[in-house]
Ligand code: NAD
């Protein structure tokens, strides 16, 4: 990063600009961190998470009103530590320049692709996994040798402050720092001339971020949302499918970007599906009272939004099946929504237009698999697609006929968990991707370099062109055509 992104006149009054400039200066002075320094930074981050883990769990709990601590341990603590360990074990290999091979067009010169840090990267997280969604990109950012400024979501402010404290006590602010604050701060953040921005959040705000970044020609990774469909082929055992869909749908009360958003099931299987869900959900959530395993909806606005989605669907003729075995009356101010299935949903209802992001699952029937595929393909490209089928060939066909960010066959969500694969959306569900090697590549500049030897085609390619050149070109074009 020898030439930091220039500061446009519009950015001069940006209160966050000094933070970025401090990092740019440090990067210029110190140069890109080498392998040892990157490993050291990853170790420091790992140690810090170890020290702050209880505080993280408590802060997430406080921000949500209640969040299943098991879910927080899995998603915010262990998965991040796992990604650090995996990154460390591969980093040396990733950092090695790659050899694409020589080309006759380049005079058979030795060629290399060098992975160089982009510079200072802005990381903006969403609230639903408020630690994971800032620290997971940070791992790739550090591995690729960059500096970072992090902006956690303002909807989970207590967690944001813990992340800020943890990072401040671990790294020099000229290397990695955190800014917290409201939408105005977030907006200022997007206008900074970063060398790259990783944004996780809604598709709506993703467009705002991309527009702001375009002013500086800052590249972006957009990790967005959308409605991830789940298709169950009639040959697949319903009980097995329900277990796996429940994991993806009801973790964090459905507040997961890759939660199954709705189910497409063969019309002959719908009754069995609903009764199996009722039975299994009742076992999983025997009561909604004082149940540590039930995460609350993050705030009143989202609680009202989800309850309105259910009501709108019901007003348009849908039946709601809510699982509340002890008929718990949800106390005022308690943001619990019972696991809910919606049947006979009008495709025009609001719940089929926007991402649900809550524990509500519309069940839609199809008569043949083509109809289910058409239903998916008529809608915006989703972040994930889940398909249940005993027949591998048919599953391959569904994968090839649908386009989604990622997919699972006979499973939900776990494509995210394999840090060896890129995670990201497509079109309205995202742009770019990260995790593991994909993250390293996303946050690296891939610099193509030629090392020329004793001979060069230059004498043949300088004016006045020798007559022999056209003769050679004629022969080559004959061979190539
Ligand atoms: P959001 O887009 O409302 O907010 C995300 C971030 O954007 C926050 O830090 C917020 O402060 C900032 N922001 C809000 N308004 C802004 C503006 N005008 N200018 C600049 N920044 C602004 O998203 P959310 O509600 O926090 O998250 C929910 C969405 O995120 C869902 O759609 C979900 O699917 C998606 N999501 C995607 C992933 C993924 O990895 N693909 C992961 C989690 C969540």
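The values are calculated or read from the model by the stated rules, or taken from the named source; none is laboratory data. In this text the structure is predicted, and so the values were computed from the model without any measurement. Counting neighbours? That spans all protein chains shown, and the Cβs are built from the backbone with ideal geometry, glycine included.
Among the residues of the stretch 202-240, just one is near the ligand (Cβ under 9 Å from one of its atoms) and at positive phi, namely 226. Selection of the stretch 125-156 for residues being in a helix (DSSP H, G or I) and surrounded by fewer than 19 Cβ atoms within 10 Å (Cβ to Cβ) yields an empty set. Got at least one residue in the stretch 349-360 being away from the ligand (no atom under 16 Å from the Cβ) and over 30 Å from residue 89 (Cα atoms)? There is at least one residue in the stretch 349-360 that is away from the ligand (no atom under 16 Å from the Cβ) and over 30 Å from residue 89 (Cα atoms).
Residues that are more than 19 Å from the chain's Cα centre (by Cα) and assigned to a helix (DSSP H, G or I) within the stretch 190-216 comprise 211, 212, 214, 215, listed in sequence order.
Is it the case that residue 192 is more than 17 Å from residue 432 (Cα to Cα) and touching a residue at least 60 places away in the same chain (Cβ under 8 Å)? For residue 192, the condition - more than 17 Å from residue 432 (Cα to Cα) and touching a residue at least 60 places away in the same chain (Cβ under 8 Å) - is met.
Restricted to the stretch 9-33, and to residues there that are assigned to a loop (DSSP other than H, G, I, E, B) and over 27 Å from the mean Cα position of the chain (by Cα), the residue that is modelled with the lowest pLDDT is 12. Filtered by the rule that a residue be within 16 Å of the ligand (Cβ to nearest atom) and either out of contact with any strand residue (DSSP E or B) (no Cβ under 6 Å at 6 or more places or on another chain) or part of a helix (DSSP H, G or I) (or both), the stretch 253-282 gives 253, 254, 255, 256, 257, 259.
Please verify whether residue 168 is at pLDDT below 95 and surrounded by fewer than 16 Cβ atoms within 10 Å (Cβ to Cβ), treating the condition exactly as stated. No. Run down 321, 345 and say which single residue is in a loop (DSSP other than H, G, I, E, B) and within 21 Å of residue 259 (Cα to Cα). Only one candidate passes the filter, namely 345. Only one entry of 184, 173 meets the criterion of being surrounded by fewer than 24 Cβ atoms within 10 Å (Cβ to Cβ), modelled with pLDDT of 95 or more and away from the ligand (no atom under 14 Å from the Cβ), and that entry is 173. Criterion applied to 326, 304 was being over 25 Å from residue 233 (Cα atoms), surrounded by fewer than 14 Cβ atoms within 10 Å (Cβ to Cβ) and without any contact (Cβ under 8 Å) to a residue 40 or more places away in the chain, and the one residue passing it is 304. On the stretch given as the stretch 101-149, residues that are within 13 Å of the ligand (Cβ to nearest atom) and out of contact with any helix residue (DSSP H, G or I) (no Cβ under 8 Å at 6 or more places or on another chain) total 1.
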